[in-house]
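**Student:** To start, I am sharing the structure in question, which I have written as structure tokens.
The values are calculated or read from the model by the stated rules, or taken from the named source; none is laboratory data. These numbers were taken from a predicted model, which means no experiment stands behind them. Positions of Cβ are generated from backbone atoms using ideal geometry, with glycine treated the same way; all protein chains shown enter the neighbour counts.
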Amino acid sequence: MREIKDVFNKKVNHENEFDVAAFYHENSEFTCLNVDSKLQKISDFYLLKKDPLNVTKDLFPFCEKVELLKFKKKWDFSNLKKLLFNRRTRRSFAFNKLSLQKISDFLNMSYGRKTVGDNILSTVPSGGALFPIHLYLFSINTALENGIYHYYFKNNYLDQIKVVKNMGDDIGKYLMIENLESKVPLYIVFTADLRDASLKYGNRAYRFALIEAGHIAQNMSLIAENMKWNSTLLGGFFDKDLAKMIGVNYNYEKPVYAIALGESV
Ligand SMILES: Cc1cc2nc3c(=O)[nH]c(=O)nc-3n(C[C@H](O)[C@H](O)[C@H](O)COP(=O)(O)O)c2cc1C
């Protein structure tokens, strides 16, 4: 573990301009050594706090209230409204083989390429249009051979990174999937490649990367809902082990999020 003095001595990643971000990232990692104490903290949270976020409390009791109006049917929100309100985290999946057509549609909609004038953009926004997020598909029961595939929105193809015959067997070594109730045909891991974005934005690039991962994830949740797939977003994983499994350079490319996907049961 790096120490804070190293950060301020500019010994950490200064060549990539994200020294403080790297320090923060490292200090929020799950490892097989610290995971028990982290999980204990999570269960203590539920034991100790009855209304943890106090969400119903009026935070501004001294303010006059402006009542919002009922939904105006005039706007054509019909499908979007349905998707937004039906979206749920669903933790059981049919273990049906996912076709390449469905996977392509899913990727093209949630993090697809579009051209606007001379610019290559995506269905998600990105700070400075630098698009630091890369996706790695873990194929367990899909039309793709079992293994790991890289997707970047600019390319209309997947890179077959490696074949892993027993892809589903050891997934718990990388992703914390204790809450999932069935086998999962497809996981997608999001990584943030901080090189370009940090040249421009320094440590703030890391914030942007996390926000952009959220944009993609929200799209994925809604697209999954539309395709009658179930999805569970996963914030818990063993960072370095996961990066090693994929084969990315952890010095600058960090796993930041993941999603479990499969047809609904
Ligand atoms: C950042 C983030 C991380 C999450 N990580 C996990 C996870 O590791 N495992 C899990 O089962 N659910 C995970 N979830 C799903 C939440 O538990 C779920 O969104 C929440 O209970 C609200 O339910 P809903 O999504 O059905 O509205 C995560 C959600 C978010 C936004």
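**Student:** Within 30 Å of LEU199 (Cα to Cα), modelled with pLDDT under 75 and in contact with a Leu (Cβ under 9 Å, 6 or more places away or on another chain): does that describe ASN9?
**Tutor:** Working: within 30 Å of LEU199 (Cα to Cα): yes; modelled with pLDDT under 75: yes; in contact with a Leu (Cβ under 9 Å, 6 or more places away or on another chain): no.
When the stated conditions are applied, ASN9 does not pass them.
**Student:** What is the residue count in the stretch 172-206 for residues that are in a loop (DSSP other than H, G, I, E, B) and more than 12 Å from the ligand (Cβ to nearest atom)?
**Tutor:** The qualifying residues number 7.
**Student:** For the stretch 159-178, does any single residue satisfy the condition of being more than 28 Å from PHE18 (Cα to Cα) and of a type in the set (Ser, Thr, Tyr)?
**Tutor:** no
**Student:** While we're on this one: For the list (1) surrounded by fewer than 17 Cβ atoms within 10 Å (Cβ to Cβ); (2) under 22 Å from GLY112 (Cα atoms), I need the number of the one condition that GLY236 fails.
**Tutor:** (2)
**Student:** Turning to a different aspect of this structure: Does ALA213 qualify as being buried (at least 18 other Cβ atoms within 10 Å of the Cβ), at pLDDT 95 or above and either within 14 Å of the ligand (Cβ to nearest atom) or under 14 Å from ARG88 (Cβ atoms) (or both)? If you could, list the steps in order and put the result at the bottom.
**Tutor:** Details: buried (at least 18 other Cβ atoms within 10 Å of the Cβ): yes; at pLDDT 95 or above: yes; either within 14 Å of the ligand (Cβ to nearest atom) or under 14 Å from ARG88 (Cβ atoms) (or both): yes.
Here the answer is yes, as ALA213 does meet what is asked.
**Student:** Quick one: in the stretch 216-230, of everything that is touching a residue at least 60 places away in the same chain (Cβ under 8 Å) and more than 13 Å from the ligand (Cβ to nearest atom), which residue is nearest to ARG90 (Cα to Cα)? Walk me through how you get there before you give the answer.
**Tutor:** Taking the stretch 216-230 as the starting set, the residues that turn out to be touching a residue at least 60 places away in the same chain (Cβ under 8 Å) are 216, 219-227, 229-230.
Right, trim to more than 13 Å from the ligand (Cβ to nearest atom) and you get 219, 223, 226-227, 229.
Working: ASN219: 16, ILE223: 14, ASN226: 14, MET227: 14, TRP229: 9 Å.
Here the answer is TRP229.
**Student:** Sticking with this one: With the structure loaded, tell me whether GLY168 is in contact (Cβ under 8 Å) with a residue 12 or more places away in the chain, among the small types (Gly, Ala, Ser), away from the ligand (no atom under 16 Å from the Cβ) and closer than 19 Å to ALA260 by Cβ or whether it fails that test.
**Tutor:** Details: in contact (Cβ under 8 Å) with a residue 12 or more places away in the chain: yes; among the small types (Gly, Ala, Ser): yes; away from the ligand (no atom under 16 Å from the Cβ): yes; closer than 19 Å to ALA260 by Cβ: yes.
In short, yes.
**Student:** Sticking with this one: Taking helices (runs of 4 or more DSSP H) that fall entirely within the stretch 18-132, which contain at least 3 residues that are surrounded by fewer than 14 Cβ atoms within 10 Å (Cβ to Cβ), modelled with pLDDT under 95 and charged (D, E, K, R)?
**Tutor:** Details: elements: 19-27, 35-48, 78-86, 100-111.
Because the criterion is at least 3 residues that are surrounded by fewer than 14 Cβ atoms within 10 Å (Cβ to Cβ), modelled with pLDDT under 95 and charged (D, E, K, R), the helices (runs of 4 or more DSSP H) in the stretch 18-132 that meet it are 35-48.
**Student:** I'm told SER231 meets every condition in (1) surrounded by fewer than 21 Cβ atoms within 10 Å (Cβ to Cβ); (2) of a type in the set (Ser, Thr, Tyr); (3) farther than 21 Å from SER28 by Cα except one. Can you identify the failing condition by its number?
**Tutor:** Of the numbered conditions (1) surrounded by fewer than 21 Cβ atoms within 10 Å (Cβ to Cβ); (2) of a type in the set (Ser, Thr, Tyr); (3) farther than 21 Å from SER28 by Cα, the odd one out for SER231 is (1).
**Student:** So, one more: Would you mind telling me which numbered condition in (1) outside any helix (DSSP H, G or I); (2) within 11 Å of the chain's Cα centre (by Cα) ASN230 fails?
**Tutor:** (2)
**Student:** Here is a further query. If you go through the stretch 231-261 one residue at a time, how many are on the phi < 0 side of the Ramachandran plot and away from the ligand (no atom under 14 Å from the Cβ)?
**Tutor:** The number of residues fulfilling the criteria is 13.
**Student:** Next question. Cβ-Cβ below 8 Å, separation at least six or inter-chain, first residue in the stretch 68-94 and under 16 Å from TRP229 (Cα atoms) and within 16 Å of the ligand (Cβ to nearest atom), second of a type in the set (Asp, Glu) and in a loop (DSSP other than H, G, I, E, B): which pairs?
**Tutor:** ARG91/GLU181; SER92/GLU181
**Student:** Look at the stretch 136-155 and say how many of its residues are crowded, with 22+ Cβ neighbours inside 10 Å, in a loop (DSSP other than H, G, I, E, B) and within 16 Å of the chain's Cα centre (by Cα).
**Tutor:** Number satisfying all stated conditions: 1.
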